1. Find the percent of Cα-Cα distances in the protein assembly as shown that exceed 24 Å, and round it to a whole number.
2. What is the helix-to-structure angle for B:17-28, meaning the angle in degrees between its Cα long axis and the longest Cα principal axis of chain B, kept from 0 to 90 and rounded to the nearest 10?
3. For segment A:125-133, in order, what is each residue's ³J(HN,Hα) by Karplus, 6.51 cos²θ - 1.76 cosθ + 1.60 with θ = phi - 60°, in whole Hz (x at glycine and Pro)?
4. Kirkwood-based Rg over Rh for segment A:1-146 (C-alpha set), two decimals?
5. With label points built 7 Å along Cα→Cβ from the Cα atoms of A:T152 and A:R137, find their separation and express it in nm.
6. Return A:T124, B:T9 ranked ascending by Cβ neighbour count within 10 Å, so the fewest neighbours appear first.
7. If we count every other residue with Cβ under 11 angstrom of A:N146's Cβ, Lys/Arg +1 and Asp/Glu -1, where does the sum land?
8. Can you tell me the equivalent ellipsoid semi-axes for segment A:29-72? Use √(5λ) from the Cα gyration tensor, largest first, whole Å.
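Since every read-out is calculated from the coordinates, none of them should be taken as a lab result. The shown structure was predicted, so the numbers you read here are calculated from the model rather than taken from an experiment. Here Cβ is always computed from backbone atoms with ideal geometry, including for glycine, and neighbour counts include all displayed protein chains.
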Amino acid sequence: MRFGVVVFPGSNCDRDCVHVLRAVLGQDVDELWSGEATVSGADALILPGGFAFGDYLRAGAVASTAPIMAAVREFAQRGGPVLGICNGFQVLLESGLLPGAMLRNKSLQFRCRPVHLRVESTRTPFTRALGEGQVLRMPIAHGEGNYYAPQTVARRLEDDGQIVFRYSDADGRITSESNPNGSLDGIAGVCNAAGNVVGLMPHPERASEEILGSTDGRLLFESVLAGLSRGAPAGDPPASAGATLPRPSGAGARLIATAGRGGHR
Amino acid sequence: MTTVRIVITLKPGILDAAGQAVRQGLLSLGYREVGEVKVGRYLEIAVPEDLAPEHIAAMCERFLTNPLIEDWRVGEAP
């Protein structure tokens, strides 16, 4: 499968993402310069962390106007899997591809440390191989990760299963101590209504090898690989099987994926 | 050309952590009379003199602010 990693001026986790996808997971990867207006050839897109365009104005704001973002938007609208990590999440928020906004961390401090995350939704291409309630460990590194959404939007996110990750303790409990930045309801990651666009503040690419202390981050990339290799075409929305039905595999999965293509969801 | 001055602040009710920290600093220096402090952004943009105000509004709402969390106003000339 072919990943596209979008590189903005000021991205600084792009190489880490490329390394994990190419060297650890053995996938094809294109680095896509943000000044180009195409993402052609990619089966999945990653918007990496960093400080795109210096985070001037607001984190992710200037990046949302880069030529490549029209192509990213079109790819997302076709149902292609898009993952925004940290600054990439902020870019997706500012682009309107994900709901909500980021405020400065409540503490005003840049937080750089490992956190635990509880998986809240497995309906996205990046979490469908995970279990609901599963606890992952990976690092955060941000100054503006205090997720905010107006009350009506927050309620819709909850009702529609668009909250994908919450900060938790090691046992999966959501507490004020486990919230590193003041995020609304401990939200660490969300998805769009269709589920194919996901953003999270923690860094899965920094937790994908034993030597880095955790391989939990790899599960997100492996999730999208599992989805595509079992026959779902790139750009297909995730199968609606969700967590309540047995996860399909083999020929059966292919049937479901084919049905999904026709919009029977 | 003329210069438009735009002031952007967080909406009422949105946590202004920087404003609170600045207020704390002022209190520490003994300025006990200080109430709420808001930290925002200030922009000067050169535009044609006959530019319609709606254009400024569009710039603010589409890009210069995030309307979920920020308010804007055209500021006074210094």
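1. Percent of Cα pairs beyond 24 Å in the protein assembly as shown: 57.
2. 50 degrees
3. So the J values, rounded to whole Hz, are x, 8, 10, 6, 8, 9, x, 5, x.
4. Numbers: Rg = 14.9 Å, Rh = 15.8 Å.
Using Cα coordinates only, the ratio equals 0.95.
5. In this crude spin-label approximation the distance works out to 4.3 nm.
6. B:T9, A:T124
7. Taking every other residue near A:N146 into account, the sum is +2.
8. Working: eigenvalues 79, 25, 12 Å².
They are 20, 11, 8 Å, listed from largest to smallest.
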